[in-house]
Structures are given as structure tokens and as C-alpha cells.
Amino acid sequence: MRDQKIAFIDLSSGAVKTETIPEKTRRLFLGGRGLDIHLLYDSLSPGVDPMGPDNVLTVSAGLLGGTIAPSSGRCHLGAKSPLTGFLGSTNMGGFFAPELRFAGFDHLVIRGAAREPSYLWIRDGEIQVRNAGHLWGRDTFETPAMIRQELGDEDIKVACIGQAGENLVRYACVLTGLKNAGGRTGMGCVMGSKQLKAIAVRGTGGLPIAHPQEAVEYLRNFMELIKDNAVMKAFSVLGTPMFQDDSDLIGRVRNRNFQRNQVPDGRGLYAESMQKYSISMAACFGCPVHCRHRYVVPEGPGKGSYMEGPEWSTLGALAAEVDCRRIEAVLSGNYLVNKYGIDSLEFGSMLAWAIELYEKGIIDTGTTGGMDLSWGDENMVYQMVKKTALREGFGAILAEGPLRAIEVLGEDTRYYNVHVKGMSCMHTDERATPAMALGIATSTRGADHLRSRPGVDANLLPRDVKDRLFGFRSSDIGSYEGSAKTIWWHELIYAIVDSLGTCKFQPLFMSPSILGWEDYARLTYVITGLEMSSADMVDIAERVYTLERLFNTREGAGRQDDILPERYFREATPLGLGGFKGATIDREKYDVMLDEYYETHGWDVNGEPKPETLSRLGLAKAPAGKA
Amino acid sequence: MGKMLVVDYSRCTGCRLCEVACSLKKHGTSNASLARLRVVKWEPVCLEVPMVCQQCNSAPCMMVCPVQALEQDDTLGRIKLDEDRCIGCKFCVAACPFGAMGVDAVARRVIKCDLCDGEPACVHFCETQAIKYVDAGTVNLVRMREAAQRISELIRKYAVPESA
């Protein structure tokens with residue numbers, strides 16, 4: 001392995017210090033999200049103000065980033081979240097992380113706050129803090145273009161914030177490229193609070209491959225696998241919107257906030273409706289799957305601009321949840337959220353909540369600043385994106401995220417907001433799928449499908465196939481039994497994927513015949529030379545996930561925070577096929593499932609990692625601030 | 001003349017696996033700046049143009065080489081760099097109109113695409129076949145058929161025989 005470095009950057013003083021990464025640390029945490037939480041946990045004291053200079057922002061490339069490992073372009077960002085007050089953690093695709101590695105760095109640990117708007121310029125081992133006064137106020141499309149022009153290199157990769165980050169919207173995102181967003185938990189807000197407009201990077205160095213011949217052979221086989229795989233074939237043409245079709249059909253999507261679990265006459269949002277506008281499919285670094293649409297905005301805001309996406313989750317947030325039913329509305333909305341740099345999932349959910357409050361008469365035009373909030377009003381959605389990003393009028397309330405907006409709008413609005421730990425759910429409805437419900441409730445970053453979603457579960461595979469796949473009795477879609485272990489298993493494999501810096505759409509998220517534990521161990525070996533077994537990988541994943549858990553317990557999280565929105569227990573799904581109709585989550589069974597889940601992880605009944613678990617994982621150190 | 005690399009930029013997804021595969025095969029590392037080809041990008045307008053060595057007939061690189069280190073290889077249809085003979089003057093780098101002649105700045109050597117001796121790594125890793133390795137003699141026929149297809153559609157639509 002080349003001596004990839006960690007850079008510690010203090011924006012208050014401008015000081016930069018670098019360290020190499022010992023092999024011992026690699027064996028414990030790999031890189032990416034794994035090493036990220038290690039750095040974050042050690043760098044932060046509990047209780048810091050997420051928007052103050054003492055918060056730390058980590059930017060991490062995976063251990064296999066920028067190599068021939070399939071789709072090794074993922075970049076992980078972490079900090080204490082200004083949205084939840086717990087772990088901030090987000091992940092984006094594109095080309096930024098490989099460029100960072102080519103420049104010699106695997107991780108950036110950024111603390112302090114700049115006195116004036118600034119950006120970082122990283123080039124082949126050198127790090128410079130530069131003035132960004134001229135970039136402040138610019139959107140995420142203008143910013144990289146101006147930086148490239150200023151520095152005279154079109155190949156520079158930029159991760160930046162838009163106006164939402166500058167205005168400290170608590171769920172502002174970080175963007176690289178036209179639409180690759182580190183969307184969740186408000187990492188763009190943290191950048192804004194540090195007056196850090198962007199990170200620009202260019203590297204011309206190389207990453208040694210330990211066993212090039214084996215690596216080439218491995219990837220060739222993988223390419224064959226992808227070409228022969230039916231799910232991947234569809235995915236390469238339809239992208240993530242393809243999930244809308246089956247999810248809507250069976251009834252597991254949110255519509256009108258949380259009032260329906262299907263979009264009536266919602267075929268206009270099916271993946272096929274995107275085909276008319278898709279001009280080609282784009283890929284992230286080194287990815288043969290190319291799941292990202294490209295299009296020209298056909299009408300409305302951004303008309304005539306090139307854009308990428310939308311992802312399924314954005315389609316859900318900007319259309320299904322707020323009851324817009326035309327794909328064209330999603331195409332303009334997607335353009336706007338990317339332009340301003342705002343997390344589409346959080347925004348859509350917040351707005352859908354507000355519309356339901358307005359519909360029920362809990363808030364009125366006095367609160368909304370004269371805005372008439374109606375279902376399916378595309379123009380209103382566009383206006384609210386802008387108002388939220390700029391914190392204008394009612395947008396300033398939505399910009400605060402669930403926890404604080406509830407405080408502002410009153411106790412009787414609480415029930416209607418669909419969030420976990422202060423982070424909104426995506427547009428899926430988990431009432432009929434207890435495993436997925438457990439996943440969003442226990443995720444270390446708030447309501448989130450990408451921490452543990454057993455995607456392959458939705459394929460309704462035969463029992464014996466699943467038993468062989470997982471090596472234990474896993475859950476069936478709709479069952480409580482086996483859910484705890486199913487979620488545990490998926491949490492672990494996704495933690496490995498995020499630590500290696502590859503993409504979740506390649507392991508079992510998609511298809512039972514794609515990458516598993518042995519494959520990741522093998523890939524790590526051929527690329528880095530680190531010999532590890534599947535069991536070693538499981539250990540690393542447990543260590544990463546438990547350390548994330550410790551981060552949250554250190555900030556005061558416990559069992560009371562691993563809870564679903566109240567509506568999951570009280571309201572039965574009104575629509576859908578078979579078991580998807582009339583479903584609620586059973587409170588008692590949920591509690592049993594949660595107990596099993598803690599036990600599987602080696603955590604106590606309050607969700608606190610047990611001392612013997614910590615010592616088994618080499619995390620024996622008691623969390624700071626605890627006796 | 002043998003086979004040649006043909007690029008269909010409309011199929012390129014911009015993943016850059018070709019660059020990685022190239023540098024891996026030639027240098028055993030993942031290093032885009034050592035790749036013999038490059039995906040040139042215009043991010044704001046969603047455009048990628050993969051640039052490869054055209055293996056020119058009257059190759060400027062070959063013409064300017066003062067020591068005849070670059071030679072025409074008719075069997076594989078390429079201009080071959082004789083690394084032993086190369087003195088590293090980089091005239092060829094300056095002369096190439098496509099920027100296809102590169103420099104390994106660390107080893108201080110000129111680098112050039114040699115079509116991997118007939119097994120180009122970039123082609124193997126291009127999932128969408130944006131880069132293909134095809135017989136030079138028939139390279140135009142696919143595109144000719146595509147163009148003819150459009151004309152034939154017009155004929156079928158408008159030029160109905162009078163007897164019909």
C-alpha cells in the first residue's frame with residue numbers, strides 16, 4: 001500500500017498536519033466510513049455545538065477508492081449532525097474520492113472555522129486554504145466552474161455547498177458533479193458553519209495494486225456477472241427509479257406525507273416515464289453499472305439545463321410524498337435541490353408534513369407567510385425549495401428540520417412528522433415490513449434505508465435460497481421473526497462496502513448473485529495485499545457499527561431513540577396488495593425484535609454496547625464523558 | 001493494416017475504467033495520469049469524449065522523432081515506440097495533434113499506446129462498448145448501415161412507389 005495520508009486541517013489557524021495510516025489501523029477499520037468514525041470519535045468531545053468551530057468534519061475515501069475495484073468512487077463525510085445532534089454521516093458517488101487519493105490523501109479531518117469564506121485547494125500532497133469571497137452566494141453549478149477557471153485546470157474535482165449550506169439549513173448537502181450529493185444529516189450545514197465553501201482536489205499520483213494480474217482477472221469476471229445479471233441489466237437502463245414501480249404497485253411508498261401508501265394514478269412516476277427524457281446513462285468512477293440518468297430539464301425551473309438523476313428517493317420526496325404525479329415536476333425539482341444544495345429527502349418530507357398540517361387546519365397562511373400549501377402543487381414545491389434554501393419566510397421554519405420545526409409549530413404537529421432521531425424517513429412505508437422498520441428505527445444516522453435495508457428481501461426469494469445466502473434463518477418480508485439478525489447482517493455488509501469506498505448497489509442490495517463477504521475479502525487482498533477472511537470482515541464491520549453506536553450513546557442516545565414514528569403503530573396502511581394493506585407495526589412485537597437486535601450486536605437492553613462487546617472489538621476504552 | 005480502436009463517444013458513461021485498466025496493465029498501478037487514453041469531460045453539459053491514440057498513417061510523432069524510435073507496425077496497425085532507442089526528447093509529445101503522446105513524469109519516459117499488442121485492456125473493461133477494437137478495413141460499415149437505416153426509413157415513409 002502506498003502511504004496514503006490523513007490531513008488534519010485547522011481552519012481557525014490555517015495549520016495543516018499530515019499523518020500516514022498504520023497497517024494496524026487499516027486492519028481495524030479499513031478506510032472510508034470505518035476509519036472515518038474512528039477519526040471522528042477520537043477528534044470530538046461529546047456535547048459540542050454542531051455548528052460551532054469545535055465540530056469536526058471528516059472527508060474520507062475508501063480503502064479501495066480509485067482502484068480497479070468495481071465502483072470505487074464513493075466518498076464518505078462525517079461530523080456531529082446539526083440536524084439530529086447525533087452522528088452525522090453521509091456518502092456520495094462521483095469522482096471526488098478517487099481524485100483525493102490520487103493527490104495522496106485518504107482522509108481529511110477539518111476543525112475550527114475560517115474567519116472569511118474559504119475553500120481548500122488540494123494538489124498532489126499540498127493543501128492550501130484560499131479565499132472564497134467571490135464564490136459565496138454562488139450555487140453548486142457555478143462554484144466548481146469558477147474554481148476550475150481560477151486554478152486553470154478543467155480536471156479538478158470539487159465538492160461544494162450551495163446557498164443552503166451557507167444559510168445553515170440543517171439538512172444542506174455537499175455536492176460533487178451535477179448531482180452526486182452527500183445529502184443526509186446536514187454535512188453541508190457543517191461546511192457552511194465553518195465558512196468552507198468547497199474542497200477542490202487534483203492528483204496525478206498513482207495507487208499501487210498489490211496483485212495486478214489477479215485484480216484484472218477478478219474484475220473481468222465481475223463484468224461478466226453484471227452483463228448476465230437480469231437485475232443489473234434493468235438497473236443500467238432504468239436507474240434507481242425502477243424501484244418505484246414495484247414499491248408503488250404493492251403499496252410501500254408514502255403519499256400525502258403518511259396518509260396513503262400508494263400514489264393513486266401514480267404511473268406517471270414509474271421508471272418508464274423517465275425514459276422519454278433520459279438522454280444517456282452516466283457512471284461514477286470505475287463503475288460498469290452506470291445507473292444515473294442524464295436529461296435536459298424539459299420545462300419549469302432550470303428549463304434547458306443539463307441535469308443528472310433523479311434518484312428514486314428524490315422522485316419520492318419531491319413527488320410521491322407531496323402528491324405531485326408528473327415526472328416533469330421531479331425533473332425541475334431535482335434541478336433546484338441540487339442547485340441550492342439541499343437534501344431532497346429531508347426537504348420533501350418536511351414539506352409533505354407541512355402540507356398535511358395545513359390540510360388539517362393545524363397551521364394556516366398566518367404561519368406559512370401567505371403560502372397556500374396544497375397537495376400536488378408543483379409551483380409551490382419549487383418556490384418552497386428556494387425559500388427553504390434561502391431561509392425566506394416559512395422556508396426558515398422548514399430549514400430547521402423535524403425536531404426544531406416541531407418546537408416552533410407546536411406540540412400538536414409532532415404526531416404527523418415522520419422522522420427517527422430527528423432525521424426524516426425517505427418515501428418508503430415500512431409498516432408491512434418489520435425488518436425494514438427495525439432498520440430505519442435503529443440506524444446510527446436516523447431514519448435511513450441505506451444503513452441496513454435488506455433489498456434482496458423484496459425479491460421474495462425462496463426460503464432455501466435465502467438460508468443459503470445468509471447462513472442463518474433470516475426474515476421473510478412481513479415477518480418479525482428473523483428480522484433482528486437480518487438487519488444486523490445487512491448493517492455489517494453495508495459498513496464494509498462503505499469502508500472500502502465501493503457502492504451499495506453491488507452487494508446483495510440488488511441481487512443474490514452479486515458480491516458477498518468472500519468477494520470483499522478477496523478484492524481487498526488483490527488490491528491492497530491485506531489478507532483477511534470473511535470472519536475478519538465481519539469483525540471490522542461490527543467494530544465500525546458499534547463505534548457509531550457509541551458515538552450516539554455518548555451524545556445521550558438510548559433505547560428511547562430507536563423508535564419508529566408513532567404513526568407506524570397507530571395507523572393501518574389503507575392501500576396495497578396482500579399483506580401490505582391494513583398493516584401496522586405491533587408495539588410488543590417491535591419491542592421483542594429490538595431486544596433481539598441489541599442482543600445480536602452484544603448491546604444491553606438500553607442499546608448501550610456491553611463491556612465484553614467493546615473488549616472483543618478492541619473498543620475497550622470507555623466513552624468519554626461517562627463514568 | 002490490422003485492427004483499430006474506434007470510439008463512440010455517445011456510448012461513454014464517463015466511468016474511466018479504461019484509464020484504470022490501461023495504467024494497471026502498463027504500470028501495475030491505478031494512475032489515470034499514466035493511462036494511454038483519457039476520458040475528457042465537460043461536466044456541466046454531461047459530455048465525455050474518450051481520446052485515444054489514432055495510430056496515424058503519416059504520424060507526426062514518427063516524423064519528428066530524431067532517432068527513429070517510433071516506427072510503423074503494419075501487422076498490428078500501430079505506431080510502435082522502441083523504448084530502448086527513445087532518447088526522451090519529447091518532440092513527439094509536442095507534435096501529436098491529439099495529445100496522445102504522454103510522459104511518465106516520475107520515470108521521465110515517453111509513454112504511448114501500443115494497443116496492448118493486439119489485446120487492448122481498455123476495450124475489455126468498457127461495459128458499453130464505447131471503445132471497440134475492430135478491423136480497420138470494415139470499420140465504417142456499421143456506421144454506414146446506421147446512416148442508411150435512417151434514409152431507408154424516410155424512403156419507406158415518403159417515397160411510396162406510384163403503383164402502390
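Read-outs throughout are calculated quantities, based only on the coordinates presented, and are distinct from any laboratory measurement. Predicted model, so just to flag it, every value in this text is computed and none were measured. Neighbour counts run over all protein chains shown; Cβ positions are idealised from the backbone, glycine included.
List the aspartates and glutamates whose alpha-carbon lies under 13 Å from that of A:Lys276, not counting same-chain residues fewer than 8 positions away? By straight Cα distance, A:Lys276 reaches A:Glu328. 3J(HN,Hα) along segment A:257-265: 6, 9, 8, 9, 10, 8, 9, x, 6 Hz, from the Karplus curve 6.51 cos²θ - 1.76 cosθ + 1.60 with θ = phi - 60°, whole Hz, x for Gly and Pro. About its Cα centre, the dipole of segment B:3-135 is roughly 320 debye, where the only charges are +1 on Lys and Arg Cβ and -1 on Asp and Glu Cβ. Within the shell of other residues whose beta carbon sits under 12 angstrom from the beta carbon of B:Pro120, the net charge comes to +3, with Lys and Arg scored +1 and Asp and Glu -1. On a 26 Å Cα-Cα criterion, which of the cross-link pairs A:Lys386/A:Lys581; A:Lys421/A:Lys485; A:Lys17/A:Lys197; A:Lys233/B:Lys132 come out too long? Check vs 26 Å cut-off fails for A:Lys386/A:Lys581.
Here r is the Cβ-Cβ distance between A:Glu217 and B:Glu71 and R0 is 30 Å; the resulting FRET efficiency, rounded to 0.05, is 0.40. Taking a straight Cα-Cα cut-off under 23 Å and skipping sequence neighbours fewer than 8 places away in the same chain, the lysines within cross-link reach of A:Lys360 are A:Lys387. Using a Gaussian network model on chain B with a 10 Å cutoff between Cα atoms, which of B:Ala107, B:Ala121, B:Ala59 fluctuates the most? Of the options given, B:Ala107 has the highest mean-square fluctuation. As a proxy for reagent exposure, ranking A:Ser475, A:Ser349, A:Ser13 by other Cβ atoms within 10 Å from fewest up yields A:Ser13, A:Ser475, A:Ser349. With bins 10 Å wide beginning at 0, the percent of Cα pairs of segment B:1-83 falling in each bin runs 17, 36, 36, 10, 0. Residues A:Asp265, A:Asp429 in ascending order of nearby Cβ atoms (within 10 Å, fewest first): A:Asp265, A:Asp429. Here's how it looks for A:Gly582: its modeled amide H is under 5 Å from those of A:Thr573, A:Leu575, which are all 5 or more places away or on a different chain. Over chain B, DSSP H runs of length four or greater, each weighted -39,500 (n - 2.57), average out per residue to a 222 nm ellipticity of -7500 deg cm²/dmol.
Computed about the Cα centre, the dipole magnitude for chain A is approximately 700 debye when only Lys and Arg (+1) and Asp and Glu (-1) carry charge, each at its Cβ. To the nearest ten degrees, helix B:17-27 and the longest principal axis of the Cα atoms of chain B are 30 degrees apart. Across segment A:544-557, computed HN-Hα scalar couplings (Karplus, 6.51 cos²θ - 1.76 cosθ + 1.60, θ = phi - 60°) run 5, 5, 5, 5, 4, 4, 4, 4, 6, 5, 5, 8, x, 6 Hz from first to last residue, x flagging Gly and Pro. Taking all C-alpha pairs of segment A:196-252, those more than 13 Å from each other amount to 77 percent.
The ranking of A:Glu378, A:Glu407 by Cβ neighbour count inside 10 Å, starting from the fewest, reads A:Glu407, A:Glu378.
With the biggest extent put first, the Cα atoms of segment A:232-424 measure 49, 34, 29 Å across the principal axes. Each Cα pair under 8 Å and six or more residues apart adds its sequence gap; the mean of these over the residue count of chain A is a relative contact order of 15 percent. Legend: mean number of C-beta atoms from other chains within 10 angstrom of residue C-beta atoms, peptide A:217-224, equals 2. Around the amide H of A:Ala557, modelled in the peptide plane, lies no amide H under 5 Å away from a residue 5 or more places distant or on another chain. In sequence order, segment A:283-291 has phi-based couplings of 10, 7, 3, x, 10, x, 8, 6, 9 Hz under the Karplus curve 6.51 cos²θ - 1.76 cosθ + 1.60, θ = phi - 60°, and Gly or Pro positions carry x. Restricting attention to segment B:1-95, lysine pairs at least eight places apart or on different chains and with alpha-carbon atoms under 18 angstrom apart total 4. The largest-to-smallest principal axis extents of the Cα set in chain A are 60, 59, 55 Å. Rounded to the nearest 500, the helix-only mean residue ellipticity at 222 nm of chain A stands at -11000 deg cm²/dmol, with each DSSP H run of n ≥ 4 adding -39,500 (n - 2.57). Put simply, the amide H of B:Ile111, placed in the peptide plane, has neighbours under 5 Å in B:Gly102, B:Val103, B:Asp104, leaving out anything fewer than 5 places away on its chain. Its Cα centre serving as origin, segment A:460-503 has a Cβ charge dipole (Lys and Arg +1, Asp and Glu -1) of approximately 120 debye. At q = 0.17, 0.19, 0.25, 0.27 Å⁻¹, what is the log10 ratio I(q)/I(0) for segment A:435-481, with the Debye formula run over Cα points and no solvent? So the normalised log intensities are -0.50, -0.61, -0.93, -1.01.
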